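The values are calculated or read from the model by the stated rules, or taken from the named source; none is laboratory data. What you are looking at is a predicted structure, and each value in this text was computed from that prediction instead of being measured. Reconstructed Cβ throughout: ideal geometry from the backbone, glycine too, with neighbour counts over all protein chains shown.
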Amino acid sequence: MSRKTIAIALLVLAGVMLWGALRSNVNFASPAKIAAVLITVVAPAVGGIVLLRGRDLARSRRIEQLRQQTIEAEILRLAVQERGRLTAVEVSTGLGITPEAAKETLDAMVARDVADIAVSDRGVVVYTFHDAKYLGGKGDAKGVLDA
């Protein structure tokens, strides 16, 4: 049984219990009656909502992860075109993302040792991608034991 099915069942149960409580001649002035309604109506409703929202949150996290992977792949493609050297401004304009998002992604790639940071004589921060920089030299690669 899926989470969505369980969530819908809990919401239906809460609705039926609320309908029954409203149609009964019960006086809701006593704390025991209020507690009974909270347990039989509110608890299943909250459980159903949590199950439905949890699914949406997991899905949105997965979508954000895929978005980030796509941005990083496009950064690597740009790095190959620019012989392994990029600035945050080039990434921002090339991918149509904010300069802050570009810098954040580039810094994350530096933290994972995908790139290094260099500073030009004029103070421009340049991100260097070693694999992209030396991609042209892959033709003369030798086996590890052949070297």
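The rows are residues; the columns are (1) within 19 Å of the chain's Cα centre (by Cα); (2) loosely packed, with under 13 Cβ neighbours inside 10 Å; (3) polar (S, T, N, Q).
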| position | (1), (2), (3) |
| --- | --- |
| Arg83 | no, no, no |
| Ala101 | yes, no, no |
| Asp107 | yes, no, no |
| Arg112 | yes, yes, no |
| Ala115 | no, no, no |
| Tyr127 | no, no, no |
| Ala132 | no, no, no |
| Leu145 | no, yes, no |
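A quick yes/no check of all residues on (1) outside the structural domain of Lys133 (by TED's automatic domain parsing); (2) touching a Cys at 6+ places or on another chain (Cβ under 9 Å); (3) within 30 Å of Met17 (Cβ to Cβ):
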| residue | (1), (2), (3) |
| --- | --- |
| Gly48 | yes, no, yes |
| Leu51 | yes, no, yes |
| Gly54 | yes, no, yes |
| Ala58 | yes, no, yes |
| Thr70 | yes, no, no |
| Glu74 | yes, no, no |
| Arg77 | yes, no, no |
| Thr87 | no, no, no |
| Thr93 | no, no, no |
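In the stretch 38-47, the qualifying residues are those that are over 11 Å from Gly15 (Cα atoms) and small (Gly, Ala, Ser), and the one that is nearest to the chain's Cα centre (by Cα) is Gly47.
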